[in-house]
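**Student:** Submitted below is the structure of interest, expressed as structure tokens.
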Amino acid sequence: MRNSVLIVGAGKGLSSSLARLFHSRGYRVGLVARNINKISHLSDEINASLFQFDVSKPDFVHKLFKDVDKDLGNLDLVIFNPSKRFSGRIEELNANQVKEALDITCYAGFLVAQQAIIRMLKLGKGSIFFTGASASKKGFANSSVFAMGKFGLRGLAQSLARELHPKNIHICHFIIDGIISKKDISENLNNEHNKLDPDEIAKNYLNIYLQEKNCWTWEIELRPWLEKF
């Protein structure tokens, strides 16, 4: 049976590069998004399964994984990409908008991981990857909301790695420290040395997924060679 990958928060850029790469290696791919219309072309291209869900809601995540069970079967890898960010001075932030952003960026990661882990523990194996950002380690001025969400997601990943690596479930957190190019992957990126090529990021996800368990990575930072850190 072919291995299956579920990409949560699918869209253009990195998610598309991940989907195409894993498909090219023979994996079945499932794509989760709030609006699946924006990725229908990708589904047609690689014959991916589409799931339209808001993963910041517990009931929706339960339903998502029941649908995935029927459509894809056992999952070998789950990749969590969603995030929501907006800037603003602390005294001006709207509390409801802040909560929504934290739910999408961090709480949803917990919900997705929980359902994936329940299934992977029964199988005795699996991998869950979380996509972070510069804000996972650096809280910038006027960006407290994004920092809270990404700091929290990183903490979740670190804790789960310590809890689940001994149970043969590989957890990894990817810090994407820089701007990801929005150009189509077929275009030449030679003039964008200061931006991350989503195809190259995807290769790192695959390489870490293929790691032997005696040499697992729990976190990796990726940035262009010109990016300051």
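**Student:** Could you run through segment 115-134 and say how many residues are in contact (Cβ under 8 Å) with a residue 24 or more places away in the chain and either among the acidic types (Asp, Glu) or part of a helix (DSSP H, G or I) (or both)? Give the steps one after another, and end with the answer.
**Tutor:** At the first step, the residues of segment 115-134 found to be in contact (Cβ under 8 Å) with a residue 24 or more places away in the chain are 115-117, 119-121, 123-134.
Keeping just the survivors that are either among the acidic types (Asp, Glu) or part of a helix (DSSP H, G or I) (or both) gives 115-117, 119-121, 123, 134.
Number satisfying all stated conditions: 8.
**Student:** Hey, another quick one. Of the conditions (1) modelled with pLDDT of 95 or more; (2) over 16 Å from the mean Cα position of the chain (by Cα), Ile185 clears all except one; give me its number.
**Tutor:** Tallying (1) modelled with pLDDT of 95 or more; (2) over 16 Å from the mean Cα position of the chain (by Cα), Ile185 fails exactly one: (1).
**Student:** Also: Determine, yes or no, whether Asp197 is acidic (Asp, Glu), free of Cβ contacts under 8 Å to residues at least 60 places away in the same chain and touching an Asp or Glu at 6+ places or on another chain (Cβ under 8 Å). Steps first, answer last, please.
**Tutor:** Details: acidic (Asp, Glu): yes; free of Cβ contacts under 8 Å to residues at least 60 places away in the same chain: yes; touching an Asp or Glu at 6+ places or on another chain (Cβ under 8 Å): no.
It is false that Asp197 is acidic (Asp, Glu), free of Cβ contacts under 8 Å to residues at least 60 places away in the same chain and touching an Asp or Glu at 6+ places or on another chain (Cβ under 8 Å).
**Student:** Follow-up. Specify which of the listed residues (Met120, Met148) is in contact with a Leu (Cβ under 7 Å, 6 or more places away or on another chain), hydrophobic (A, V, I, L, M, F, W, C) and over 22 Å from Gly11 (Cβ atoms). So that I can check it myself, show each step before the final result.
**Tutor:** On the way: Met120 fails: in contact with a Leu (Cβ under 7 Å, 6 or more places away or on another chain).
Answer to the check: Met148.
**Student:** Report yes if some residue within segment 32-40 is at pLDDT 95 or above and of a type in the set (Ser, Thr, Tyr); otherwise report no.
**Tutor:** no
**Student:** Pairs under 9 Å by beta carbon, first residue farther than 20 Å from Ile179 by Cβ in segment 11-30, partner among the small types (Gly, Ala, Ser) and assigned to a helix (DSSP H, G or I), six or more apart or different chains?
**Tutor:** Hits for this filter: Ala19/Ser43; Ala19/Ala202; Arg20/Ala202; Leu21/Ala202; Phe22/Ala202; Val29/Ala19; Val29/Ser43.
**Student:** Another question, if that's okay. So Asp67 passes all but one of these: (1) under 30 Å from Ala147 (Cα atoms); (2) assigned to a helix (DSSP H, G or I). Which condition number does it fail?
**Tutor:** (1)
**Student:** Here's something else I'd like to know. Cβ contacts < 6 Å: first residue touching a residue at least 40 places away in the same chain (Cβ under 8 Å), restricted to segment 172-183; second residue of a type in the set (Val, Ile, Thr) and surrounded by fewer than 21 Cβ atoms within 10 Å (Cβ to Cβ), any location; separation 6+ or different chain. Result?
**Tutor:** What qualifies is Cys172/Ile208; Cys172/Thr217; Phe174/Ile220.
**Student:** Mind telling me which of the residues Ser87, Ser43, Ser56, Ser83 ends up being over 19 Å from Thr131 (Cα atoms), outside any helix (DSSP H, G or I) and hydroxyl-bearing (Ser, Thr, Tyr)?
**Tutor:** Working: Ser43 fails: outside any helix (DSSP H, G or I); Ser56 fails: over 19 Å from Thr131 (Cα atoms); Ser83 fails: over 19 Å from Thr131 (Cα atoms).
Sole residue among the options that is over 19 Å from Thr131 (Cα atoms), outside any helix (DSSP H, G or I) and hydroxyl-bearing (Ser, Thr, Tyr): Ser87.
**Student:** Quick one: which of Gly13, Gly88 is surrounded by fewer than 15 Cβ atoms within 10 Å (Cβ to Cβ) and closer than 30 Å to Ser144 by Cβ? Show your work before the answer.
**Tutor:** Values: Gly13 fails: surrounded by fewer than 15 Cβ atoms within 10 Å (Cβ to Cβ).
Going through Gly13, Gly88 in turn, the sole match is Gly88.
**Student:** Exactly one of (1) without any contact (Cβ under 8 Å) to a residue 60 or more places away in the chain; (2) within 16 Å of Asn81 (Cβ to Cβ) is unmet by Arg223. Its number?
**Tutor:** Of everything listed in (1) without any contact (Cβ under 8 Å) to a residue 60 or more places away in the chain; (2) within 16 Å of Asn81 (Cβ to Cβ), Arg223 misses just condition (2).
**Student:** Out of (1) outside any helix (DSSP H, G or I); (2) in contact with a Phe, Trp or Tyr (Cβ under 6 Å, 6 or more places away or on another chain), what's the single condition that is false for Phe140?
**Tutor:** Of everything listed in (1) outside any helix (DSSP H, G or I); (2) in contact with a Phe, Trp or Tyr (Cβ under 6 Å, 6 or more places away or on another chain), Phe140 misses just condition (2).
The values are calculated or read from the model by the stated rules, or taken from the named source; none is laboratory data. Owing to the predicted nature of the structure, the values given are computational and were not obtained by experimental measurement. Glycine gets a Cβ as well: all are built from the backbone with ideal geometry, and neighbour counts include every protein chain shown.
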